[in-house]
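Worksheet for the structure shown next.
The values are calculated or read from the model by the stated rules, or taken from the named source; none is laboratory data. Note that the coordinates shown come from a computational prediction; the quantities given were computed from them, not determined experimentally. Cβ placement follows ideal geometry from the backbone for every residue including glycine, while neighbour counts extend to all protein chains displayed.
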Amino acid sequence: MPKPKSFRYTVLFEDAHLMAIDKPAGLLTVPIPDMPSVNLQLMVQQDFGKRVRPVHRIDRYTSGIVVFSKTGRVHHQLVKQFRNREPRRVYQALVRGRVMPESGTLVHHLKLIKTGFRNIIVGEDNPEGTRAELKYQVIEQYAKAALLRVELVTGLKNQIRVQLSEAGYPLIGDRHYSPGEEDEKWINRQALHAAELSVIHPVNQKKLTFKSPLAPDLKKLIQHYKTMK
């Protein structure tokens, strides 16, 4: 399958054992069963070989960092780090409203449902719920929006999007979890970017920190809301 010209990824780091890739929004991280959609895994494997595999994933319409392994041993050890919640995963998000307090921790319990393949908030006593935790801090507050730094403590599907929406600060452009965002005309995806990721190198045990600059569409969106009265 040829790579579509509309998608371009950037290699942020590479050595003999692993890679950090900057994924554009709109591109799947991994294949969907029985669907021929182009995805980052396929594109990277076409360029670097079939043994190169993603260690984790981010949402299709989220931009930013994805780590790939180059060997089975390294893949196993990196996956173990993510399962143990050891990597530091930092996102930037543009949300609606005035965020108060300006920093804090959100804890909810999420349940994955088949309808729309999405997570919903459930009670703490729900046996099907999984604890979700994140930390946030306001980077800049605007008249009608706020730019947040969000650090994941856990790493559930769509966690940031679900929790911030529940807290009353939906991500701008997130039509899946905030139906009112269907009217947003300045961006056609959720305003979420995987900006920074730290892991321990499985071979030399050194800490690696990868950083990704904000995607151009997010920069334009932020500038728009920054100038709104």
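This table checks each residue for (1) in contact with a helix residue (DSSP H, G or I) (Cβ under 8 Å, 6 or more places away or on another chain); (2) over 20 Å from Gly26 (Cα atoms); (3) free of Cβ contacts under 8 Å to residues at least 24 places away in the same chain.
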{"site": "Glu124", "(1), (2), (3)": "no, yes, yes"}
{"site": "Pro127", "(1), (2), (3)": "no, yes, yes"}
{"site": "Ala132", "(1), (2), (3)": "yes, yes, no"}
{"site": "Tyr142", "(1), (2), (3)": "yes, yes, no"}
{"site": "Val153", "(1), (2), (3)": "no, yes, no"}
{"site": "Ile160", "(1), (2), (3)": "no, no, no"}
{"site": "Gln163", "(1), (2), (3)": "no, yes, no"}
*asked:* For Glu184, only one of the following conditions fails: (1) surrounded by fewer than 16 Cβ atoms within 10 Å (Cβ to Cβ); (2) under 25 Å from Lys229 (Cβ atoms); (3) at pLDDT below 95; (4) among the charged types (D, E, K, R). What is its number?
replied: (1)
*Filter the stretch 114-173 down to the residues that are farther than 17 Å from Tyr61 by Cα and hydroxyl-bearing (Ser, Thr, Tyr), then identify the one that is surrounded by the most Cβ atoms within 10 Å (Cβ to Cβ).*
Tyr136
_What's the number of the only condition in (1) surrounded by fewer than 20 Cβ atoms within 10 Å (Cβ to Cβ); (2) in a loop (DSSP other than H, G, I, E, B); (3) of a type outside the set (A, V, I, L, M) that Gln81 fails to meet?_
(2)
*If you go through the stretch 122-139, how many residues are modelled with pLDDT of 95 or more, in contact with an Asp or Glu (Cβ under 9 Å, 6 or more places away or on another chain) and either within 12 Å of Val162 (Cβ to Cβ) or not charged (D, E, K, R) (or both)?*
4
*Given the conditions (1) in contact (Cβ under 8 Å) with a residue 40 or more places away in the chain; (2) surrounded by fewer than 19 Cβ atoms within 10 Å (Cβ to Cβ), which single one is not true for Gly72?*
(1)
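Residue-wise test of (1) more than 24 Å from Thr10 (Cα to Cα); (2) hydroxyl-bearing (Ser, Thr, Tyr); (3) without any contact (Cβ under 8 Å) to a residue 60 or more places away in the chain; (4) out of contact with any Pro (no Cβ under 9 Å at 6 or more places or on another chain).
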{"site": "Ile172", "(1), (2), (3), (4)": "yes, no, no, yes"}
{"site": "Asp183", "(1), (2), (3), (4)": "yes, no, yes, yes"}
{"site": "Arg189", "(1), (2), (3), (4)": "no, no, no, yes"}
{"site": "Ser198", "(1), (2), (3), (4)": "no, yes, no, no"}
{"site": "Phe210", "(1), (2), (3), (4)": "no, no, no, yes"}
{"site": "Leu218", "(1), (2), (3), (4)": "no, no, no, yes"}
{"site": "Leu221", "(1), (2), (3), (4)": "no, no, no, yes"}
